[in-house]
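S.K.: Quick one: this structure, given as structure tokens, is what I'll be asking you about.
The values are calculated or read from the model by the stated rules, or taken from the named source; none is laboratory data. Predicted model, so just to flag it, every value in this text is computed and none were measured. Ideal geometry is used to build each Cβ from the backbone, glycine not excepted, and the neighbour counts take in all protein chains shown.
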Amino acid sequence: MRRVLLLLIGFFAALGAAFLGLRYLATHGGSGYVIIGIGQWSVETTLLLTSVVLVLSFVLLYFAVRLIITAVRLPKILKKRGHEQRSRRSQEALLSGLIESAEGNWEKAEKQLIRHAANSGVPLINYLTAARAAHSRGALEQRDEYLKMAQESMPEAELAIGLTKAELQLSNKQFEEALESLTQLDKIAPSHAAVLKLRHQALSRAEDWEGLSRLIPNLHANKVMLEAEIKLLETETYSALIKQKAETRDAIALRNLWQEVPEHIRKSTGIQQLYYAAMIEAGAEIEVEPLVRLALTKEWSETLLVLYGCIHMPDTEQQLGTAEGWSTAHPNDAILLRVLGKLSLRANRLEKAKSYLKSSLAAEPSVEAFQLMGDVLMKQKDPLNACQYFRNGLLFASNGVVALIEEQTLETESEEEAGGQELPPLE
């Protein structure tokens, strides 16, 4: 429109200039004339008419040329306009799909996103959002189909598509599939923070502790997690590995695993106790006895003390003497007295065992102390009193269970009252 307006202005300006020029000629000696001859034919006319005809011919020729050019370019122009229109519709559909997805209308969002995805300038967003919508409504096959379409539409976005796929698989507890997807991504971007984080989540939820132990150095090297989080993860991972190896009762495997545990984790009291208990269960008691004894001299621990009582040394008298040496610093320790009674019974020092166990029960009753006292009395050929101690042990254990149940019930009731809800009636 602007070009047509300029053309008209130019035409009238030229026409006006021609008119003024001819008027000037007429005033100063005539308007002039023009003779055009072609062979035997000749045309004589005024200069004014010739000028008008030339200007009109130029304008007509210009418009004819423009019309031809427009006709030639018309398919391309129509195609461009159609593409712009489809692109606009696609953008509107994408916006609508994102809104529907945010509102939880998964099926509507999916239809809006897919309908115009092919005409979108960014089809990847359409397909990935549609995949999330399909996943949210449980259509896993459709989800995978959209992810495949996303890969075909933009192969160079393999990392983004793979991360979305792994994340969705992980949220659906498809741990093996998620790990397989992340293994492929690890080949593309082994140091990518998002890949490492998802691998950490997948391995943790799949309880693949060996895989997680191999991943921890990468998490640390690439600073994916905070130092404190890494240490907590290491503790959790190696604790789980020790528990797994403990089930096999393989002392060699446990020893080899202990050598792989980082030194700063091995210094943890909880990890040490797990390892000692696993080695004792695996029959490597003699190997860990000096370690348990040394740990007790450094830090008094009830758990380590109980573990020491579970160790069967060839020389029980010597072991008993070592434990009795601790009674000077801990004279009324109920657990130490119980361990001393246990070691005395094992050394067949029945009277000493009875004395230690009575003191332990007086300081703090326990199921094990009642049981050990019953065992001592059985060895002393006193089954009547032995049965009484066994009975008291069972009652003590049952009272503990009842107390625990009552405590949990009270806690549940307080939580329900705080939440303003009533417990449902028992049927």
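S.K.: Go through the stretch 244-265 and give me each residue that's touching a helix residue (DSSP H, G or I) at 6+ places or on another chain (Cβ under 7 Å) and in a helix (DSSP H, G or I).
M.R.: Here is the first cut: in the stretch 244-265, the ones touching a helix residue (DSSP H, G or I) at 6+ places or on another chain (Cβ under 7 Å) are 244-246, 249, 251, 253-254, 257-258, 261-262, 265.
Residues satisfying the conditions are 244, 245, 246, 251, 253, 254, 257, 258, 265.
S.K.: Filter the stretch 32-87 down to the residues that are in a loop (DSSP other than H, G, I, E, B) and exposed (fewer than 10 other Cβ atoms within 10 Å of the Cβ), then identify the one that is modelled with the lowest pLDDT.
M.R.: The first filter runs over the stretch 32-87 and keeps only residues in a loop (DSSP other than H, G, I, E, B), leaving 32, 39-40.
Imposing the further condition that a residue be exposed (fewer than 10 other Cβ atoms within 10 Å of the Cβ) reduces the set to 39-40.
Details: 39: 69, 40: 73.
Top of the filtered list is 39.
S.K.: Return a yes/no flag: does the stretch 364-372 have any residue that is at pLDDT below 85, within 21 Å of residue 310 (Cβ to Cβ), assigned to a helix (DSSP H, G or I) and under 45 Å from the mean Cα position of the chain (by Cα). First the steps, then the outcome.
M.R.: If we filter the stretch 364-372 for residues that are at pLDDT below 85, which is where we start, we get none.
No.
S.K.: Looking at this structure, is residue 206 among the hydrophobic types (A, V, I, L, M, F, W, C), surrounded by fewer than 20 Cβ atoms within 10 Å (Cβ to Cβ) and over 25 Å from residue 253 (Cβ atoms)?
M.R.: Working: among the hydrophobic types (A, V, I, L, M, F, W, C): yes; surrounded by fewer than 20 Cβ atoms within 10 Å (Cβ to Cβ): yes; over 25 Å from residue 253 (Cβ atoms): no.
Against the criterion (among the hydrophobic types (A, V, I, L, M, F, W, C), surrounded by fewer than 20 Cβ atoms within 10 Å (Cβ to Cβ) and over 25 Å from residue 253 (Cβ atoms)), residue 206 does not qualify.
S.K.: Restricting the search to the stretch 215-242, which residues are crowded, with 16+ Cβ neighbours inside 10 Å and among the basic types (Lys, Arg)?
M.R.: 231
S.K.: Mind counting the residues in the stretch 286-317 that are farther than 19 Å from residue 346 by Cα, in a helix (DSSP H, G or I), touching a residue at least 12 places away in the same chain (Cβ under 8 Å) and of a type in the set (S, T, N, Q)?
M.R.: 1
S.K.: Oh, and also: Report, by residue number, each residue of the stretch 330-347 that is more than 50 Å from the chain's Cα centre (by Cα) and in contact (Cβ under 8 Å) with a residue 24 or more places away in the chain. Can you show your working first?
M.R.: Let us first name the residues in the stretch 330-347 that are more than 50 Å from the chain's Cα centre (by Cα), namely 331-332, 340-341, 343-347.
Those that are more than 50 Å from the chain's Cα centre (by Cα) and in contact (Cβ under 8 Å) with a residue 24 or more places away in the chain: 332, 341, 343, 344, 345, 346, 347.
S.K.: Kindly indicate whether any position in the stretch 157-172 is assigned to a helix (DSSP H, G or I), over 17 Å from residue 186 (Cα atoms), at pLDDT 85 or above and out of contact with any helix residue (DSSP H, G or I) (no Cβ under 7 Å at 6 or more places or on another chain).
M.R.: Yes, the stretch 157-172 contains at least one residue that is assigned to a helix (DSSP H, G or I), over 17 Å from residue 186 (Cα atoms), at pLDDT 85 or above and out of contact with any helix residue (DSSP H, G or I) (no Cβ under 7 Å at 6 or more places or on another chain).
S.K.: Specify which of the listed residues (212, 254) is closer than 24 Å to residue 180 by Cα, of a type in the set (A, V, I, L, M) and surrounded by 16 or more Cβ atoms within 10 Å (Cβ to Cβ). Reasoning before the result, please.
M.R.: Values: 254 fails: closer than 24 Å to residue 180 by Cα.
Only one candidate qualifies: 212.
S.K.: Please name all residue pairs, on different chains or six or more residues apart, with Cβ atoms under 8 Å, provided the first residue is in the stretch 222-239 and is farther than 17 Å from residue 271 by Cβ and the second residue is part of a loop (DSSP other than H, G, I, E, B) and at pLDDT below 90.
M.R.: 222/191
S.K.: Now, a different point. Give the stretch 120-146 a look and list any residue that's crowded, with 23+ Cβ neighbours inside 10 Å and at pLDDT 85 or above, or say none.
M.R.: Selection gives 131, 133, 134, 135, 143.
S.K.: Would you point out which residue out of 270, 283 is in contact with a helix residue (DSSP H, G or I) (Cβ under 8 Å, 6 or more places away or on another chain) and part of a helix (DSSP H, G or I)? Please lay out each step first, then the result.
M.R.: Working: 283 fails: part of a helix (DSSP H, G or I).
One residue alone meets the criteria, 270.
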